[in-house]
Amino acid sequence: MTGENVWLWWTLGAASIVVLVIGVWVWLKGQPFMQGDVFRASRLSRGNRLFSTQVAITPTSVVQYTPRWIGRREETIHMAHIASVKIETGAMLSNVLIETSGGSDPIVCHGHRKRDAVRIKELIERYQTDYYRGSVGRASTDR
């Protein structure tokens, strides 16, 4: 083997390791960030190609979680502050807009499957109903 071929093989080996490490990092960042009802956006939608946004619906809040190369972006809205939930349905995927009663920008979730978008809306409506009836603790066991 000549010195030129050895250099080529070392370069290909190093590049393969780098690609593998990046692939594992992206895969780990795409795992659900918490237990419970977590909905991940499709990687086919805009803004979700590398790190897909996730939305968690809990009995007390809605959390939008977007992983980054280093760190994350997380926004939480309490159930009492959700004014409306809108679903915009496209040919394949849906967008969910969760508007607040406080006048801040809505949480916009691009690229969810249609059934996930409907499930997000149903969970929010159910948890809001339970919240205003005063039975928040019971909401998580009524599945």
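If we scan segment 43-50, do we find a residue that is surrounded by 15 or more Cβ atoms within 10 Å (Cβ to Cβ) and under 18 Å from LEU97 (Cβ atoms)? Within segment 43-50, one or more residues are surrounded by 15 or more Cβ atoms within 10 Å (Cβ to Cβ) and under 18 Å from LEU97 (Cβ atoms). The condition (being at pLDDT below 85 and part of a helix (DSSP H, G or I)) is satisfied by just one residue among VAL6, VAL26, VAL18: VAL26. Filtered by the rule that a residue be touching a residue at least 24 places away in the same chain (Cβ under 8 Å) and assigned to a helix (DSSP H, G or I), segment 109-126 gives LYS114, ASP116, ALA117, VAL118, ARG119, ILE120, LYS121, LEU123, ILE124, GLU125. Which ones in segment 23-42 are surrounded by 13 or more Cβ atoms within 10 Å (Cβ to Cβ) and closer than 14 Å to ALA56 by Cα? GLY30, PRO32, PHE33, ASP37, VAL38, PHE39, ARG40, ALA41 - these are the residues of segment 23-42 that are surrounded by 13 or more Cβ atoms within 10 Å (Cβ to Cβ) and closer than 14 Å to ALA56 by Cα. VAL85 fulfils the conditions (1) out of contact with any strand residue (DSSP E or B) (no Cβ under 9 Å at 6 or more places or on another chain); (2) closer than 16 Å to PHE39 by Cα except for a single criterion, (1).
In the set (1) modelled with pLDDT under 85; (2) among the charged types (D, E, K, R); (3) touching a strand residue (DSSP E or B) at 6+ places or on another chain (Cβ under 8 Å), ASP37 fails one condition alone, (1).
The values are calculated or read from the model by the stated rules, or taken from the named source; none is laboratory data. Quick caveat: nothing in here was measured; it's all calculated off a predicted structure. Methodologically, a virtual Cβ is constructed for each residue, glycine included, from the backbone with ideal geometry; neighbour enumeration extends over all protein chains shown.
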